[in-house]
1. Placing +1 at every Lys and Arg Cβ and -1 at every Asp and Glu Cβ, with all other atoms neutral, what dipole size does segment 114-201 have around its Cα centre, in debye to the nearest 20?
2. Given the options Y294, Q277, T259, identify the residue whose Cα lies farthest towards the positive end of the charge dipole of segment 194-325 (+1 on Cβ of Lys, Arg; -1 on Cβ of Asp, Glu).
3. I need the calculated FRET efficiency for the pair A130 and C29, taking r as the beta carbon distance and R₀ as 25 Å, to the nearest 0.05.
4. Please list, in order along segment 189-201, the HN-Hα scalar couplings obtained from phi with the Karplus expression 6.51 cos²θ - 1.76 cosθ + 1.60 (θ = phi - 60°), rounded to whole Hz, x for Gly and Pro.
5. Rounded to the nearest 20 Debye, what is the dipole magnitude of segment 284-332 about its Cα centre when Lys and Arg each give +1 and Asp and Glu each give -1 at the C-beta?
6. Counting helices only, and only those DSSP H runs with n ≥ 4, report the 222 nm mean residue ellipticity of the chain as the sum of -39,500 (n - 2.57) divided by its residues, in deg cm²/dmol to the nearest 500.
7. What dipole magnitude, in Debye to the nearest 20, does the chain give about its Cα centre under +1 on Lys/Arg Cβ and -1 on Asp/Glu Cβ?
8. So what is the accessible area of the chain per residue, in Å², with the probe set to 1.4 Å?
Amino acid sequence: MMIIDVHTHIVPEHFPSVGARLAGNLWPCMEHVEPGMANVMIAGRNFRTVHERSWDVSRRLREMSEPDYAVDRQVLSPMPELLAYRLTPEDGRDLARYLNEVLIRMVERAPDRFYALGSVPLQDIDLAIAELDHLQGLGLHGVEILSNINGRNLGDPELLPFFQAAERLNLPIFVHAQHPTFMDRVVGPKFLENAVGFPIEGALGIASVITGQVMEACPKLRLGFTHGGGTFMQLLRRLENAWRKNAAFHDFLPQAPSTYARMFYYDDIFFDNRTLQYLLDSVGSSQVMIGSDYPFMFRDQTAEAEFDALGLTSEEREAVGSRNCLQFLGLI
């Protein structure tokens, strides 16, 4: 049985010089502090210290084969902060093109082991749509975007032409929770943005796609969401109840929220099999994919161990292990 990890990230070993760009120190740069380790510098601070597994294909391939990870293929995508909607549209396009070139070069090093999702400058919708064509021409398999675009919800009507273009080009979109807009409500250290903010932010992203009627306009669009959609499955039951009991909501949204939820794909990164089982019960085994957040997180159990714990059938194992990911990517 083949295992494909849909949720893995890359960081280039180097970035082009900022030169005369308007971005200034918002343009990322790598500060190599020792062999195989670098700080990703953004706005004059170390955003994250990364290891060579972020850019080194040989290291990545070795770790994919290790028993405690054990995946056959990875879907590569940029570290989410590098999508950089903070930049001017032109600088955002240049950074996206550089990332996309790095990604396709990594795929070319091991085409039987890697797929890749690229970047577009969604701070400018027209420019992002144009870059979808460029990205597809490179041979990338889809695009990664963030769960809000500088605070703009994914269900905002102004973003709809982008989703329509992706549907027309048959390109899947992988939505990564990032930059929660409510962090003033979270009490505690900075890392709680990831632990508390991201799951809620992910749920808000999915809810906005549903209530923004994106799937009504783009019924063949393939959308995938990180970390199992965050807290959305708990929100879905309340949303469904409101839809059934509120005539105005029913008229506004033609189909039940659960119908749209079952159109989406989700990775399995929950760190809890009970929560994952709830996702499987809610949307079906045909919509769930293996993920890890490699190289920033590692799975707490292998895919095989997870399947055993959940008691999945051979058909379900094949679906979650690889088939759903290949369908999401449009490869089968």
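The values are calculated or read from the model by the stated rules, or taken from the named source; none is laboratory data. Bear in mind the structure is a predicted one, so any value in this text is a computation, not a measurement. Counting neighbours? That spans all protein chains shown, and the Cβs are built from the backbone with ideal geometry, glycine included. Areas reflect the complete protein model, heavy atoms only, side chains present, ligands, DNA and RNA absent. Shrake-Rupley method; radii C 1.70, N 1.55, O 1.52, S 1.80 Å.
1. On the way: 4 positive and 11 negative charges, 55 e Å.
Computed about the Cα centre, the dipole is about 260 debye.
2. T259
3. Working: r = 27 Å, r/R0 = 1.06.
Between A130 and C29 the formula returns 0.40.
4. Calculated HN-Hα couplings, in order: x, 4, 5, 5, 4, 6, 6, 10, x, 4, x, 6, 4 Hz.
5. Working: 3 positive and 8 negative charges, 36 e Å.
I would put it at about 180 debye.
6. On the way: 13 runs with 124 residues, N = 332.
After summing the helix terms and dividing by the residues of the chain, the value is -11000 deg cm²/dmol.
7. Working: 29 positive and 43 negative charges, 97 e Å.
Approximately 460 debye in magnitude.
8. 42
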